[in-house]
Amino acid sequence: MGFDSLYTGISGLNAYQSWIDLLSNNIANIGTYGFKGQRMTFADQFYNQIGYASGPTTTNGGVNPQEIGLGVKVNTIDTLFNQGGLETTGVNTDLAINGNGFFVLANANGTGTPSYTRSGAFSLNQNGLLYDPGSGLAVQGYMANAQGQITATGVPGAITIPLGQQEQATGTGFGVKTGPTSTDKVFDVSFGGNLDQTQWAQALNYSVGGAPTNGSPYTISTTIYDSLGVAHQATITYTPDAAGATAATTAVTAGTVGNIATVAVSPTTQANDTIQITVNGAGTAATLVDTNSGAVVTASAGSTIQIGADTVTLAGALTAGSTTTLGVTGGTSGLPSSVTDASGNVRTPATRWKVSVSFADGTTFQTIKTPGSVAAGGAVTAPTYGTGTAGTIGYAYFDQNGQFINTSSIETTAAGTSIGGATQTGDFHTAGALTSIQQGNQLNVTSWGPGTGNNSVAPTAGGGTPALGPIGLDFSNNASLAGTYTANTLTQNGYQAGILSNITVGQDGTITGSFTNGQQKALAQVALATFQNEQGLNRVGSNFFQQTANSGLAQVGTATTGSLGSIVSGALEQSNVSLADQFTKMIAAQRAFEANTRGITTADQNLITVTHLQASEN
């Protein structure tokens, strides 16, 4: 007689005690950052065969097997990798993963077996190493080069963020180029805002004698830096430019001159026109017909009439039945008939602005001494150049919609001629071409002044001489609309020396440094890892996992790529354990444990009964 129920009950005690142990561990780690709860599944053990199956026959329906199970065993212990809640800490180096992935930790020198964790309570040590202070292991990732570019490939290494590191000054013209398109990043300073189109119209009216005052220029200031980081204040002046404009004229071209007492035309009129005057048979009135507009006006002798662009005063005594013809010759705006933009499109200009620069500190640069011009037939007279602390550097053209077209060193053009075409290569900017004074988009510094502020910081005073050279000027973000002046400087690529003072971590794990000179630069990028079978990872304590033969190799990448989640800076992932769930399962485990003790006590009682039976037989 066997007493298998004793051992069956023991297997239950062992299994459910293990469940209680697991649940207790989950509950104990309710406050552990990055902790992933576990679950346990059970399976029945092998069976004692007391009856074997037999197949059906012609006389018998068959016999089923008879088996008695010998208990329970722990089948699997699984890690639950569902997302934990995020707790905001405000500490920049506290990182949480929202989604899939693990942080990669290893020895600072790259030796040893990497560990993987969801707990991102990291710090910077005295050497700037980003590490886990609980274990001393370094956070792995990819370091940026001197230009702030990160190549997130290959084996990641320790991330070092040297707070207090000094960044060398970069002169304007030597930094990262910008531009309006990906194929035209050749500029160093970008300007924006509006240039008041009404001021250009006022300048045109003034230039042809139609207004007593000229259009008002607009001046802005911007700071540029030499290669030693010394600041220089540049003053940029936009002047509405109607040079070369001609006034409209009007005169009697046929018929009786004496029918007209006076005639005048608006000087800004640019269209040719004809006005026909016919006097009635009595000589008391005349009918005026404007060819362009078709307007018809009848007026008595001595009257003043506004018709078309002309203001006509009829003579007091008209010649009965006579006719008079007035001709209007339109003026010109002084603008070319077209300007080719950087993409090769031919566009019609509506305004032109002379761009001038000056420095109060003595900085000198190349200037346009005499602007270029285009004669009838298209022959180009090249500009002449000089140097100075103030002067013109180019001319910016805008279309009738106020949109920027291009810059050039050419100012005046004969009627019907253009800026653009194969014969004028270099007189206007084309996409991707280096800037030049000939294109009207370059500030070519020939000597630096002492800079703003204390003259003791003059470039030559410290023993070094700043580099000279061209600075590309981008006006593509300017507009010329009828409205208030709002011109300004958007960006420039120079800066003073600075010290790394703070860091931020983006969702893709990029660590960006903020310097005291206002610059920001990518310093590194945190690596994340994922596995084909996360359940195959080995838990080794201290919130760490390590890969095993069944987890597969770590697939290392960066956050927000592939299946990897994003990184949240200033937050930590909480434990994903639910207390309510664990307490409920603890009750079930306790009851199961108690129930198995009942089986053992029952088997024990049966054993006692059998023992007494043997004693009574003796």
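Some observations on this one:
- Segment 381-399 - residue that is modelled with pLDDT of 95 or more, of a type in the set (S, T, N, Q) and surrounded by fewer than 17 Cβ atoms within 10 Å (Cβ to Cβ) and, of those, nearest to Ser337 (Cα to Cα): Thr384
- Test: Thr250 is touching a residue at least 40 places away in the same chain (Cβ under 8 Å) and either of a type in the set (Val, Ile, Thr) or open to solvent by 60 Å² or more (accessible area, probe 1.4 Å) (or both): yes
- If the condition is being assigned to a strand (DSSP E or B) and surrounded by fewer than 19 Cβ atoms within 10 Å (Cβ to Cβ), then segment 333-346 contributes only Val346.
- Boolean, Thr319 is more than 60 Å from the chain's Cα centre (by Cα), surrounded by 15 or more Cβ atoms within 10 Å (Cβ to Cβ) and part of a strand (DSSP E or B): no
- Number of residues in segment 562-597 that are part of a helix (DSSP H, G or I), among the β-branched types (Val, Ile, Thr) and open to solvent by less than 70 Å² (accessible area, probe 1.4 Å) equals 1.
- Considering residues of segment 514-532 that are among the polar types (S, T, N, Q) and open to solvent by less than 50 Å² (accessible area, probe 1.4 Å) only, the residue farthest from Gly498 (Cα to Cα): Thr530
- Here the condition is being without any contact (Cβ under 8 Å) to a residue 24 or more places away in the chain, in a strand (DSSP E or B) and either open to solvent by less than 40 Å² (accessible area, probe 1.4 Å) or out of contact with any Asp or Glu (no Cβ under 8 Å at 6 or more places or on another chain) (or both); of Thr237, Thr313, Thr287, it holds for Thr287 alone.
- Residue satisfying condition, being modelled with pLDDT of 95 or more and in contact with a helix residue (DSSP H, G or I) (Cβ under 7 Å, 6 or more places away or on another chain), within set Leu473, Leu481: Leu481
- When the residues of segment 142-165 are filtered to those that are in contact with a Leu (Cβ under 8 Å, 6 or more places away or on another chain) and of a type outside the set (A, V, I, L, M, F, W, C), the one that is farthest from Phe515 (Cα to Cα) is Thr160.
- Among the strands (runs of 3 or more DSSP E) confined to segment 28-89, there are none with at least 3 residues that are among the hydroxyl-bearing types (Ser, Thr, Tyr) and in contact with a helix residue (DSSP H, G or I) (Cβ under 7 Å, 6 or more places away or on another chain).
- Of all residues in segment 121-141, none satisfies being of a type in the set (A, V, I, L, M), in a loop (DSSP other than H, G, I, E, B) and touching a residue at least 60 places away in the same chain (Cβ under 8 Å).
- Residues that are open to solvent by 60 Å² or more (accessible area, probe 1.4 Å) and closer than 19 Å to Ser190 by Cα do not occur anywhere in segment 366-380.
The values are calculated or read from the model by the stated rules, or taken from the named source; none is laboratory data. Given the structure is predicted, the values throughout are model-derived calculations rather than measurements. Ideal geometry is used to build each Cβ from the backbone, glycine not excepted, and the neighbour counts take in all protein chains shown. These accessible areas exclude ligands, DNA and RNA; they are computed on the full protein's heavy atoms, side chains included. Shrake-Rupley method; radii C 1.70, N 1.55, O 1.52, S 1.80 Å.
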